[in-house]
Structures are given as structure tokens and as C-alpha cells.
Amino acid sequence: MKTGIIIPCYNEESRLDKNAFINFIVNHDDYHLCFVNDGSRDETLKVLYQMKSTIPSRISVVDIKKNVGKAAAVRAGVRFLYHMKDISNIGFMDADLSTDFRDFKDLVRTLDSDDKLSVVFGSRNIGGKGIKRDGFRLLLSNIIKLCICRLIKMPIRDTQCGAKVFTKSIIPVVYGNAFVSRWLFDVEIFLRLRKYLGSKNVMSRICEQPLMRWVHVEDSRLGLRDSIRIPFRLLSIWLVYSVLSNFQLIETPSEDYMSFEVIESPQLKIAA
């Protein structure tokens, strides 16, 4: 059985380390890479197809014609991988490889080693010397973390790290409904897990694992203006999940439950 890794891409032509991705998948036949082109305006899609051509059986490309945001892009990749019979775990990581493959494989090993676990995710806040973040971003991150902790009511140090892996059985719970936010969907993931697993049991089913390496890459897709708006976006998530109660979680996930419409845009092309 394999682990499927979703890599959402938006205007990543100049940042994608093609050799790193190709070398990894050539040497790891228990993984499958699923790149999701989120309406890029540069030559990202061309680069993705070039990578796919090197080993077509283990690289897939999902092409979304219109930019829909990271949340919907990841969800599109989840839908594709979920219906592959040889996939047992599904995760995602950032296209800039700020988290490297060694750390991601460690997340997968932890998940596979304990049948009780449903999710394992990386943490930059309890990591080692390889975690590099500039001072301003670290301060801003701490403020945001405080807001998120109050919202999710779970003792998690780093909800926003872009490296997470899930068992296939928990996928419908996490991804069955469209996300409220384009970028803060990680917060929604934990809210959904807490509601489904229960506040008393959720922490025994998830694992926050320190990363050995994480490096902020310049030209981040999330700019300063977006960061400043985060508290207001968290407020909108809180309103939907806690006050308006618009979020309905299906209690018994099934194969049919994953037949949802993945993205708002009907212009979707998949190269298996």
C-alpha cells in the first residue's frame, strides 16, 4: 500500500525543485505524488507535466483552470487519491519543500506504527535547530497561534505547518465538506476532528510531531497583508462552526460520501 502526497501549486514555475521530487519518487515506490495546479498564470503546469513524464505511474497532475485557493486545491487532490485502491494514507506538503521528504516520511512511519492514530502532523514550534524563521514572522506566528488555540480548544502547538498525513478512513470526515477558508483550512481540519472524535478522545487519535528541518522560503504565497487579515478570517470560521452552526458533519463516513464536488470551478482536468 502507498502514501499519496498532495502538492498544491500556484505560480511555482521558478521555485519547484524538479530534481528533488523526481529523485524522491524514483526511489520510493510506496509513495504517489499528486500535484494540483491551482490556476497558475505562469508555466507551472508545463513543469508538472514534464515531471510526470519521467515516471507516469507514480506522478499525477490535477489541473484546476481557475485559482480557487489552497484549501480547495488540496481537497481536489484528496478526491483523486481517495479513489485509488492502492492508497492507504493521504497527506499534503508545500511545493517549496520547506518541510523536506525525510521529515514527511517520519510522519508516515509514526502514523503506520500506531493503529489508534488517524492524523500525524509536523510542528515547527517543538522542532530542532533546523527550524529557521525570521523574527517578525515568528512574532506574528505566536499571536496567530494564541488566537487559534482559543478557537480550536486543543493543546496543539502548530496547526498551520504544511505537512500532514491522514489515514484513508478519516479522510471523509476531514474533507467531505467544502472549507470555509481558502488558506486557514488547517484550523477547520482540527475543528472537524474534535467534533467527530469528541473533545475527550481527539488528542489520543492525533499526533503532533517535531520537524528536524523547516525553512521559510522567500516569495511566500501568504503575504504580510494576508497575515494581518488572519484574525478576521479566524472570526469568520468561529462564526460558522460555533455560532451559526452551518457546518454539518456526517457521522458515518462512506465511499459514497466522498463523491462530493471538489471545487467550485467545473474546469478540472486530471492526468492520472
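The values are calculated or read from the model by the stated rules, or taken from the named source; none is laboratory data. This is a predicted model, so every value here is computed, not measured. Backbone-built Cβ (ideal geometry, glycine too); neighbour counts: all protein chains shown.
Numbers below:
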item	result
Subset of region 172-184 [of a type in the set (A, V, I, L, M, F, W, C) and over 12 Å from the mean Cα position of the chain (by Cα)]	173, 178, 179, 180
Helices (runs of 4 or more DSSP H) enclosed by region 1-89 - at least 1 residues per element that are free of Cβ contacts under 8 Å to residues at least 60 places away in the same chain, touching a strand residue (DSSP E or B) at 6+ places or on another chain (Cβ under 6 Å) and buried (at least 16 other Cβ atoms within 10 Å of the Cβ)	18-26, 44-54
Considering residues of region 175-233 that are hydroxyl-bearing (Ser, Thr, Tyr) and modelled with pLDDT of 90 or more only, the residue surrounded by the fewest Cβ atoms within 10 Å (Cβ to Cβ)	199
